[in-house]
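Here the structure is laid out as structure tokens; the discussion comes afterwards.
Just so you know, all these numbers are worked out from the coordinates, no wet-lab data involved. Please read these numbers as outputs of a predicted model, since none were measured by experiment. When we count neighbours, we look across all protein chains shown, and the Cβ atoms used for this are built from the backbone with ideal geometry, even at glycine.
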Amino acid sequence: DTAVSQTPKYLVTQMGNDKSIKCEQNLGHDTMYWYKQDSKKFLKIMFSYNNKELIINETVPNRFSPKSPDKAHLNLHINSLELGDSAVYFCASSQPRGPGTNEQFFGPGTRLTVL
Amino acid sequence: DQQVKQNSPSLSVQEGRISILNCDYTNSMFDYFLWYKKYPAEGPTFLISISSIKDKNEDGRFTVFLNKSAKHLSLHIVPSQPGDSAVYFCAASAGANSKLTFGKGITLSVRP
């Protein structure tokens, strides 16, 4: 049974389009994240939600809008896609057990290609 | 500004030998460190972690060492197995629920 799932796994689209990536976790975690892995292979945080509330918002263009309908889901909507948005996007979730704990569990990733 | 650095892009070791993967960090606020393993076309998988109040954590073949004064941690895999061949990411966080800051990753190849 998949713990953190993402759809779609691959997404190819034209510049200027609007697209969404969905994420669901069945771990009962309160916190979910979106990370972007760019062409240089760095994994960088984009957003984090705790119990449907935004708690981390890194310097991300406002074309990217996360939405959390409930604590098990965190979707990512991207408007007016640009070539530079091509990357692999990973969703993750965590449930800290106390100070100094933060294991995050990742989904399989969505490879977005903007043509 | 790279706060977590994995300076070696790759490492090749013989099966049965020890693999030592290194990681350095610059942010003194980091209090939790993690290692993730990643296969191609999959998401990172949590491997092992260590809190800043410890200097060693062991889980089977995997041991992580933390040297806070040097801002350095390392992952030891012994004995190395061909199935360990993957990209290994070092990550750090400051506080619960905070973001993970990742290194660039190191590609480990274990030769049969």
Q.
What translational diffusion coefficient, to the nearest whole µm²/s, does chain A have by Stokes-Einstein, given a Kirkwood radius computed over alpha-carbon pairs, a temperature of 4 °C and 1.567 mPa s viscosity?
A. 91 µm²/s
Q) Which loop-located trypsin sites (Lys or Arg not before Pro) does segment A:31-115 contain, where loop means any DSSP state but H, G, I, E or B and the Cβ has at most 11 other Cβ atoms within 10 Å? A) A:Lys40, A:Arg97
Q.
Please report, in whole Å³, the volume per residue of the convex hull around the C-alpha atoms of the protein assembly as shown.
A. 126 Å³
Q) Per residue of A:30-42, how many C-beta atoms from partner chains lie within 10 Å of its own C-beta, taken as a mean? A) 3
Q: Could you please report the charge total around B:Gln6, scoring K, R as +1 and D, E as -1 over all other residues with beta-carbon less than 11 angstrom from its beta-carbon?
A: +2
Q: Mind ranking A:103-110, A:54-61 by how tightly packed they are, going by the mean number of other C-beta atoms within 10 angstrom, highest first?
A: A:103-110, A:54-61
Q: Add +1 for every Lys or Arg and -1 for every Asp or Glu among the other residues with Cβ under 10 Å from the Cβ of B:Val64, and state the total.
A: -1
Q | Inter-site label distance for B:Thr26 and B:Arg111 at 7 Å from Cα along Cβ, in nm | A | 3.5 nm
**Q.** Separation of the A:Ala3 and A:Leu83 label points, Cα + 7 Å toward Cβ, nm
**A.** 3.9 nm
Q: Can you tell me which of A:21-31, B:60-70 comes out highest on packing, and rank the rest after it, using the mean Cβ neighbours within 10 Å?
A: A:21-31, B:60-70
(Q) Just checking the output field for B:35-44: average partner chain Cβ neighbours within 10 Å of each residue's Cβ? (A) 4
**Q.** Convex hull of segment A:47-108 built on C-alpha atoms - directionally averaged projected area, nm²
**A.** 5.1 nm²
Q | Shielding by partners, peptide A:91-97 (average Cβ within 10 angstrom, other chains) | A | 3
Q. Peptides B:101-107, A:87-93, B:45-51: what's the order by average Cβ count within 10 Å, highest mean first?
A. A:87-93, B:101-107, B:45-51
Q: Express the relative contact order of chain B as a whole percentage, based on alpha carbon pairs under 8 Å and six or more residues apart in sequence.
A: 37 percent
Q | Charge sum, other residues only, whose C-beta stays under 9 Å from B:Asp24's C-beta, Lys/Arg counted +1 and Asp/Glu -1 | A | +2
